C-alpha cells in the first residue's frame, strides 16, 4: 500500500500523489541510499552485514529479528524504520522501546547519525524529568525510551504516541527478564495501527508480544550465522589454586597486553566492588560497572573503558549485552555465568566485527561447572614481578556538555589550539549532558591539563581535571 506523503530529501520536496509507483520506488531507493551513506560516513560502517541487508530488503509490515549481541541489530532495524518515515513533523512518528538506559542512548545516537531531518529524543530512568520535559517542548519525530519512563510521560500527558506509525521493541527477551511486560502492555493501548513493527531478541521467543499485531511477521533468524561475527574466539580455563580467585585474576591481568581492553564479569555487585578495589591496589587501570551506580557514573565508566583510559573493566551481567564497545580483546569469567544465555552474551562482547578474541574462565574447587561452559585449552598465567601497567590514554574531564551547547569539535579544537595536541595525540571524545571526557596521550596529560585548566572554552570558564 502506498501512503500519500510528502518527503524531503536534500532540499527537494516530493508530493507522492503526483508521481507514479515507479517514481515513488525510485525516491524510496534514493532515501535508502542516503541512509546507508550516513551509516558509512557517520557511524564508520563500511559495509552492511548479511543481517542488515536482509532486514533492509524486507517488505513486510512486521518482522522479528533474532540475532546475538554485537550482530548489528540496531542498524538492521534503523534502515527500514527511517525509510518508513515521511516528512519530519506532525507528531511522534516512530517509537523504540529498549530495556536499559545505555541501550536507549546508543539507539538514539545511531538514529540521529543514520537519519536526516528527524528530531530524536531519549527518555529513560535516572535522568532529569525536567530536562526531558524541555526536550519534549518541541514534539520529536522519534522517541527512544525505557518502558517505565515512557509510561510515566504518557500518564502525565507530556507524550502523545497516538501518531506513532513505526514501533520497535528492542531486546524483547531482556525486557521480559526485567519484568517490563506489564508496562509495555499499557503503552500498547495508546498505539494505533502500525505501518512497521519490529521486535528484536538475542534468543528464541517462546511467545510474541501480545499487545501488538505481528500477524504475518517475517522472522529473520541469524542466531547461529557465523558470517555476522567472523572473528575466532579461543576459550581457556584457568584453575585457581584457592577458592578465592583474586590472585589468579591479578596474575592473568598482568600477562595481558597493557593497552588491550579486558572485560571481567562477576555475578554480584558486591563482588564487582571487591574485585575492582583489588585491581586498583595492584595499579591496574580498572573501571567499575554495575546497576548500583548512578547513571552518570555508569556513562562515564563506559566512556573511560571505550576510549582506553581504563582498559580493564569489572562488570556484572548488566554489561553483557546491549553495549556498543569496540575492540574488546578478552572476556574473563571471574564467576561461572548463571545461565547458558549469560555465557553466550558475555562471550559476545569479544571477537566482534571480524576481530579475534580470547575468553578466560577462572574456576576453583568450589565451582560446579555446567554443561554450557566449555573451553579449548588450559592456561596458567605466570605472575610478573615488578610489572607496571602502561596505558596509552588518560581522560580529561570537562564540566560542560551537549546541554551547554558544547560539541566534540569545540573540545577537540580547544585541546589542539590551547593544549598543543596533534590529532594523533587526541583520542575519543565523549559528550554527556553536562560533562565531557576527552582521551589524550597519557604521557602528555598532565602538561596539557596545566596549559588548559586556567582557560575558558567558548568564553565560558569550566572545571577541567584529570580523571
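Observations on the model:
- Calculated log₁₀ intensity ratio I(q)/I(0) where the Debye formula runs over C-alpha points of the stretch 320-467, q = 0.14, 0.20 Å⁻¹: -0.84, -1.12
- Each residue of the stretch 393-466 gets 69 Å³ once the volume of the Cα convex hull is shared out per residue.
- Note on 71, 215: ascending count of other Cβ atoms within 10 Å places them as 215, 71, the fewest first.
- Residue order, fewest to most beta carbons within 10 Å, for 387, 290, 254: 387, 254, 290
- For the pair residue 278 and residue 365 in one chain, pulling the backbone fully straight at 0.36 nm per residue adds 29.2 nm over the alpha carbon distance.
- Summary of the geometry: the stretch 32-49 and the stretch 255-282, compared by the centres of their Cα atoms, lie 35 Å apart.
- In plain terms, the chain from residue 417 to residue 223 could stretch by 65.0 nm, reckoned as 0.36 nm per residue minus the Cα-Cα distance.
- Taking N as its residue count, the alpha carbon Rg of the stretch 301-362 over 2.2 N^0.38 Å: 1.05
- One equal scatterer on each Cα of the stretch 230-378, no solvent, Debye formula: the resulting log10 I(q)/I(0) at q = 0.18, 0.19 Å⁻¹ is -1.06, -1.20.
- Mean residue ellipticity (222 nm) of the chain, computed from DSSP H runs ≥ 4 via -39,500 (n - 2.57), nearest 500: -9500 deg cm²/dmol
- Relative intensity, log₁₀ I(q)/I(0), of the chain from a Debye sum that treats every alpha carbon as a point, q = 0.07, 0.10, 0.12 Å⁻¹: -0.39, -0.81, -1.14
- The C-alpha atoms of the chain define a longest principal axis, and helix 101-114 lies at about 60 degrees to it.
- Between the stretch 410-443 and the stretch 375-404, the Cα center-to-center distance that results, in Å: 19 Å
- Per-pair calculated FRET efficiency, R0 = 45 Å: residue 456 and residue 339 via Cβ, rounded to 0.05: 0.30
- For 251, 224, the sequence from fewest to most other C-beta atoms within 10 Å is 224, 251.
- Spatial offset of the stretch 50-113 relative to the stretch 171-216 amounts to 14 Å, using the alpha carbon center of each.
- Contact order for the chain, expressed relative to its length and based on alpha carbon pairs under 8 Å spaced 6+ residues apart, stands at 14 percent.
- Restricting the calculation to Cα atoms, the stretch 6-226 shows an Rg/Rh of 0.94 when the hydrodynamic-style radius is the Kirkwood one.
- Spin-label model, residue 267/residue 389: points 7 Å from Cα along the beta carbon direction are separated by 2.6 nm.
- Computed from the C-beta positions of residue 446 and residue 206, the FRET efficiency with R₀ = 51 Å rounds to 0.40.
- Annotation: extensible slack from residue 190 through residue 356 equals 55.2 nm (criterion: 0.36 nm per residue apart, minus Cα-Cα distance).
- Taking the longest Cα principal axis of the chain as reference, the axis of helix 408-417 is set at about 50 degrees.
- Sequence-separation-based contact order of the stretch 393-466, relative, with Cα cut under 8 Å and 6+ spacing, percent: 45 percent
- Take the Kirkwood radius over Cα pairs of the stretch 70-126, plug it into Stokes-Einstein at 25 °C and 0.890 mPa s, and you get 204 µm²/s for translational diffusion.
- Estimated inter-spin distance, residue 37 and residue 297, nm [label 7 Å along Cα→Cβ]: 4.6 nm
- The chain: angle of helix 21-43 to the longest principal axis, Cα-based, in degrees nearest 10: 20 degrees
- Placing R0 at 25 angstrom, the Cβ-Cβ distance between residue 181 and residue 372 gives a FRET efficiency of 0.45 after rounding to 0.05.
- Sequence-separation-based contact order of the stretch 230-378, relative, with Cα cut under 8 Å and 6+ spacing, percent: 40 percent
Here, each number is a calculation from the coordinates, and none is a lab measurement. Just so it is clear, the structure is predicted and the values come from calculations on it, not from any experiment. Neighbour counts are summed over all protein chains in view; Cβ atoms, including those assigned to glycine, are modelled from backbone coordinates with ideal geometry.
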